[in-house]
Every structure is written in C-alpha cells, then in structure tokens.
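Following: one structure in structure tokens, then a few remarks.
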Amino acid sequence: MNVVLAETPLDIAALRAQFPLLARTVHGGKPLVYLDNANTAQKPVCVIEAVDRFYRERNANVSRAVHALGEEATGLYEGARDVLARFIGAGSARELVLTSGTTMATNLVAYSYLLPRLAPGDVVLTTVMEHHANIVPWQIVCQRTGARVVAAPIHANGELDVAAFIGMLGPQVKLACVTHVSNVLGTINPVAELAAACRKHGVPLLVDGSQAVPHLPVDVRALGCDFYAFTGHKMCGPTGTGGLWARREILAQMPPFFGGGEMIREVRIEGSTFADPPARFEAGTPNIAGFAGLAEAVRFLEGIGMARIAAREQDLLRYATARLREVPGLRIIGEAPHKAAVISFMVEGAHAHDLATLLDLEGVAVRSGHHCAHPLMRYYDVPATCRASFAFYNTEAEADALLDALLKARALLA
Amino acid sequence: MTAPAQAMDSGPYAATLLAHARAPRHQGTLLHPDALAEGYNALCGDRITVMLALRQGCIAEYAFRAEACALVVAAASLLGECLIGRDAEEVEHLAARFDGLLAGAGGPPIECGGLNAFADLARFPARRKCARLPLATVRAALRGAAHANTEEA
C-alpha cells in the first residue's frame with residue numbers, strides 16, 4: 001500500500017526571494033519570466049555567497065599547501081565531492097570525478113575508457129534524442145578507430161523505442177549512451193530497464209544526467225548504470241562544475257586523459273606513475289570556488305527535497321501544458337507520459353526565432369533553435385522549436401505570462 | 001481562449017517587414033536560372049534558395065524559396081526591387097550599405113526604400129544574421145558559390 005504523506009506546500013514566494021536575479025526586469029521594466037532553466041538555472045544567494053566567501057576568506061590551492069588556507073580549500077573541495085557523491089547515490093566519493101560539466105565527463109569517457117577499446121566494426125549505441133555532448137565525443141573516437149555510432153529510434157510522442165534500443169545491443173556494442181531526461185522533449189527514459197538489458201549483454205551504459213539531477217531524485221546505484229555524467233550549472237550551481245560517476249572497477253582500469261599536476265604519484269623524466277581515481281582524472285587546479293558553490297546548491301536543493309521539487313515541477317508542467325493548448329495552431333513536440341517540465345513547441349505560421357524575440361520583448365525568456373539536438377530536429381523534420389523549461393521557483397502566473405505573450409506574438413506574426 | 005491584453009512591443013518587426021513576411025514577393029522558382037545558391041544558417045535552421053537570371057552581367061530576374069523566420073523572408077522579399085538591373089559590383093555596394101544599416105552606423109538611407117525598415121535590427125544583434133542571409137546568398141550565387149551562411153561571417 002502506498003502511504004501518501006501530507007507535505008506542507010512549498011512557499012514559492014519565499015523561495016523566489018532567495019534568487020536575486022528573479023527580481024530583475026528587462027526591456028524597460030518588464031518583469032523577467034525566466035523559462036530557460038534547461039539551458040541554465042538561476043543561483044540562490046547561498047551559492048553566490050559561497051563562491052564569494054571562498055575568494056574573500058579561503059582562497060588557496062588544493063592538495064599541495066600545508067598551510068591553514070590550503071587545508072581549508074582542500075577540505076572544501078573534497079567536502080563538495082562527498083556532498084555530491086551522497087546526493088547522486090554513489091557508493092563512495094572515490095567513484096566521483098569532478099569535471100567542468102557533462103561535456104568534459106563524456107569526453108573523458110570517450111578518450112580514456114572507449115578509445116583504447118574500439119576496433120573497426122565496433123559500435124557505440126546512442127539514441128536520436130541525445131544532446132550533442134552525448135553524440136559528438138563518440139563520433140570523434142569512432143572516426144579514429146573505424147567504429148561507428150548508431151542511434152536507437154524514438155516513438156512519435158517522444159518516448160524512446162525501448163525494444164529497438166535493446167534489440168540493437170550485442171557483442172559489437174562497446175558502449176551504450178542514453179540521456180536520463182531529454183533536454184528538448186522532457187522525456188524521462190527508463191534507465192533502470194535499459195541498464196538491466198545492457199548488463200545482460202555485457203554492454204556498459206553511460207547516462208547523461210544533465211537534465212535529471214536538477215529535477216528528480218537520482219540514485220546511480222539503483223539505476224544500475226556504469227557511468228553517470230552531470231553538470232552543476234543546471235542545478236543552481238556555478239558554471240564550470242559537474243561530475244562523472246563511474247563504478248570503481250571501471251575507473252581503476254582507465255588510463256589518465258589529461259596529464260599534469262595533481263594527478264601524479266611520482267614524476268621522473270623517463271616516466272611517471274599516476275594517482276588513484278578520482279585524482280588521476282583531475283589534472284591541474286580545479287574550479288575550487290565553483291565546487292564550494294555547488295555543494296551549497298546541493299544543500300539548498302536537499303533543504304527543499306528533491307521529491308517535492310519533482311512534484312512541484314509536475315504541477316507546473318500540467319498547468320503550463322493545458323494553458324499552451326489554448327494557443328491556436330500550437331503543436332507540442334514531446335508528449336511522453338513520463339516527462340519533466342520541458343515544453344518544446346511550434347506555432348503554425350510563426351517561426352520559432354520570431355516567437356522567441358517577441359516573447360523576450362515581453363520579458364519572457366525561452367530558448368529557440370535546435371537545442372544542441374540536430375538529429376532530433378531532423379527526426380521531427382522541424383528546423384527549430386521554442387522551448388519553455390520550468391524550475392521549482394517558477395509560478396503558474398509565469399505560465400500565464402507565457403501564454404499572454406504567445407497570443408500577442410501570434411497575432412502579430414501569423 | 002484568452003484575448004491578448006494590449007499591443008506588444010514589436011521590436012525589430014516593423015509593419016512593412018511583417019507585411020512582406022506574410023505575403024512575400026519574388027517567392028517561387030526560376031526554371032532556368034543562370035545562378036543559384038543556397039543559404040543555410042545551421043545554428044538557427046534558416047534556409048533559403050536564391051535563383052537569378054542574368055543579362056549582360058546584370059540581374060534580370062530574381063526568385064527565392066525559403067524555410068525561415070520572418071526576418072529572412074521579409075529581407076528576401078524586399079531585396080527584389082533593389083536587385084533587378086544591378087551587376088555584381090552594385091550588389092556588393094548594396095550589401096555594404098545594408099550591413100551598415102544593420103550595425104546602426106547611420107548615414108543616408110538606402111535608395112531601395114524598403115530595406116530601411118530593418119534599421120530597428122541594430123538593437124537586436126543576435127538577429128542581424130537573419131536579415132543578412134538572403135543578400136549573402138545572392139552574392140554567393142553571383143560569384144558562382146553554391147552555399148552561403150551568415151553565422152560564421
């Protein structure tokens with residue numbers, strides 16, 4: 001029996017007050033309606049202050065200095081690793097490589113894990129709905145080795161064709177890659193089911209969690225995948241932060257990709273020995289201030305509760321979807337039953353870029369274009385879409401403002 | 001259905017431009033073009049094909065097909081009146097004047113009156129590439145190039 005616990009509703013006004021940027025206006029006094037959260041999220045004051053405090057009070061390099069500041073900086077950086085590892089359900093902080101974001105994480109897997117394993121005829125399996133960061137790194141290493149990238153299809157409603165994906169697994173597949181949540185369609189993919197199928201075929205599975213970690217409770221061990229990449233700036237943290245989680249035995253087999261300071265054990269001119277993971281993959285001085293901020297972002301999100309965030313965003317998705325359907329000629333791209341609060345749409349007779357420019361003049365920030373997903377745009381045979389993406393701090397009134405602006409824009413253009 | 005509450009700031013979309021975007025002139029196909037080029041801005045997805053008939057080095061006929069935003073279509077439509085009778089050198093001169101207008105450089109209005117409606121685009125630098133695409137594609141066709149884009153230029 002499911003027990004539904006009564007939750008106190010979120011105090012959205014109090015939450016919004018913690019995001020200084022949400023109070024600003026644009027284009028001569030129009031209140032900002034920020035609906036581009038899938039692109040990047042705004043930052044609460046605790047994150048901004050954590051970055052500021054690092055430079056004011058604690059700035060030093062990590063791992064080397066024995067002085068007080070050095071130890072504090074190292075403590076902050078490693079503390080952030082612990083906080084992030086726990087947040088995504090990693091078994092140990094040693095399994096979490098801190099990166100500049102998802103793109104660096106997928107490239108690290110491409111060069112360190114995949115490249116040495118690829119031979120002519122091998123396959124990297126991805127899907128049609130991936131972000132370029134989960135396509136292009138695989139293409140680059142495939143081109144060097146004679147391997148190829150293939151993409152599993154999706155259904156017209158934006159759901160992954162799971163049977164087709166599983167049917168494409170086989171001994172020639174050296175890595176399977178899938179996004180947890182689509183940045184264009186909002187589709188939440190059944191990662192645990194895919195991971196189980198991959199395991200049966202002995203194929204490691206990489207999951208792009210960029211759009212999932214900010215919006216859903218994520219437990220990488222429960223998902224059963226082998227790699228999980230995510231980015232900090234979409235989860236209220238600073239830009240230039242993120243991570244790659246991988247199983248300890250996989251990380252242990254991976255050679256270094258970037259060489260330099262921090263990642264070595266001993267260096268001689270004739271050769272060097274390397275640190276254990278995760279330090280092996282973290283050459284050079286990292287974004288210490290950024291990770292101090294990201295740890296604060298995790299505490300902020302946990303303070304609200306990821307389950308409550310997910311539930312709040314589902315309410316917003318339902319409300320905004322119903323309102324957008326009031327716009328004549330509006331077509332929503334991506335209507336999977338299980339989706340996050342991302343709504344891509346087109347309006348008959350009005351081009352996406354024209355809509356976005358006119359919405360912007362009303363203070364409504366949405367993204368227009370291909371959303372770094374050319375293959376998906378080609379699948380739907382559309383040149384570009386508008387995308388409204390919500391976060392827990394958005395309101396029903398902002399969805400109304402989107403609707404009003406859309407009706408005005410449509411009246412002008414169509 | 002909710003009615004729009006009040007008129008919106010139409011930004012770069014002057015009434016002339018919207019009229020041309022809704023009912024473009026010169027939209028169609030030349031069956032035997034002397035020059036043809038495709039303009040494609042991959043980042044935003046705008047696509048236009050430009051066809052020219054030439055007589056003694058001058059543009060005698062001009063047609064385009066576009067799958068693009070209102071600014072591209074309006075620019076392609078308004079270009080017609082400026083292009084007919086001009087040679088490549090005159091088109092280069094027109095392009096320089098048009099770029100100046102889009103950059104807000106001031107100066108006297110362009111003699112093909114319609115294009116001056118793009119002056120407001122100076123406030124929207126991210127959208128200038130849209131207005132520039134049709135003319136860039138015409139210039140490509142005139143020099144025998146098959147493709148043009150205004151995202152990297």
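Is one or more of the residues making up the stretch B:109-129 in contact (Cβ under 8 Å) with a residue 40 or more places away in the chain and β-branched (Val, Ile, Thr)?
The initial filter retains those residues of the stretch B:109-129 that are in contact (Cβ under 8 Å) with a residue 40 or more places away in the chain, namely B:114-115, B:117-118, B:120-121, B:123-124, B:127, B:129.
Remaining after also requiring β-branched (Val, Ile, Thr): none.
No, the stretch B:109-129 contains no residue that is in contact (Cβ under 8 Å) with a residue 40 or more places away in the chain and β-branched (Val, Ile, Thr).
Do the conditions hold for A:PHE291, that is, is it of a type outside the set (Val, Ile, Thr), more than 15 Å from A:LEU108 (Cβ to Cβ) and assigned by TED's automatic domain parsing to the domain that holds A:LEU115? So A:PHE291 passes the test.
For residues in the stretch A:348-372 being more than 12 Å from chain B (Cβ to nearest Cβ) and aliphatic (A, V, I, L, M), which is nearest to A:ASN183 (Cα to Cα)? The selected residue is A:VAL366. Of the residues making up the stretch A:31-45, those that are out of contact with any Cys (no Cβ under 8 Å at 6 or more places or on another chain) and either buried (at least 17 other Cβ atoms within 10 Å of the Cβ) or assigned to a loop (DSSP other than H, G, I, E, B) (or both) are A:LEU32, A:VAL33, A:TYR34, A:LEU35, A:ASP36, A:ASN37, A:ALA38, A:ASN39, A:THR40. For the stretch A:236-274, enumerate the residues that are among the aliphatic types (A, V, I, L, M) and either surrounded by 15 or more Cβ atoms within 10 Å (Cβ to Cβ) or in a strand (DSSP E or B) (or both). Hits for the stretch A:236-274 are A:LEU244, A:ALA246, A:ILE250, A:LEU251, A:MET254, A:MET263, A:ILE264, A:VAL267. Taking A:GLU335, is it of a type in the set (Asp, Glu) and more than 14 Å from every other protein chain (Cβ to nearest Cβ)? Yes; evaluated as a whole, the condition is true for this residue.
Among the conditions (1) closer than 15 Å to A:VAL207 by Cβ; (2) in a loop (DSSP other than H, G, I, E, B), the only one that A:TRP138 does not satisfy is (2). Scanning the stretch A:74-86 for residues that are surrounded by 16 or more Cβ atoms within 10 Å (Cβ to Cβ) and at pLDDT 95 or above returns A:LEU76, A:TYR77, A:ALA80, A:ARG81, A:VAL83, A:LEU84, A:ALA85. Of the helices (runs of 4 or more DSSP H) lying entirely inside the stretch B:1-106, those containing at least 3 residues that are closer than 17 Å to A:ASP354 by Cα and more than 8 Å from every other protein chain (Cβ to nearest Cβ) span B:15-22, B:70-83.
Provide a single number: the residues in the stretch A:384-405 that are more than 8 Å from chain B (Cβ to nearest Cβ) and in contact with a strand residue (DSSP E or B) (Cβ under 7 Å, 6 or more places away or on another chain). Matching residues across the stretch A:384-405 total 8. Pull up the stretch B:107-144, narrow it to residues that are in a loop (DSSP other than H, G, I, E, B) and out of contact with any Gly (no Cβ under 8 Å at 6 or more places or on another chain), then point me to the one that is farthest from B:VAL50 (Cα to Cα). The qualifying residue farthest from B:VAL50 (Cα to Cα) is B:PRO108. In summary, B:GLN56 fulfils each of the numbered conditions (1) touching a residue at least 60 places away in the same chain (Cβ under 8 Å); (2) exposed (fewer than 14 other Cβ atoms within 10 Å of the Cβ); (3) of a type outside the set (D, E, K, R) with the single exception of condition (1).
Within the stretch B:75-83, identify whether any single residue is over 26 Å from A:LEU403 (Cα atoms), among the hydrophobic types (A, V, I, L, M, F, W, C) and touching a Gly at 6+ places or on another chain (Cβ under 7 Å), and answer yes or no. Break it down into steps so the answer makes sense when it comes.
Taking the stretch B:75-83 as the starting set, the residues that turn out to be over 26 Å from A:LEU403 (Cα atoms) are B:75-83.
Now narrow it down to the ones that are among the hydrophobic types (A, V, I, L, M, F, W, C): B:75-76, B:78-79, B:82-83.
From the residues that got through so far, the ones that are touching a Gly at 6+ places or on another chain (Cβ under 7 Å) too are B:78.
Scanning the stretch B:75-83 turns up at least one residue that is over 26 Å from A:LEU403 (Cα atoms), among the hydrophobic types (A, V, I, L, M, F, W, C) and touching a Gly at 6+ places or on another chain (Cβ under 7 Å).
The values are calculated or read from the model by the stated rules, or taken from the named source; none is laboratory data. Since this is a predicted model, take the numbers as computed values, not measurements. Cβ atoms come from the backbone with ideal geometry, glycine included; neighbour counts cover every protein chain shown.
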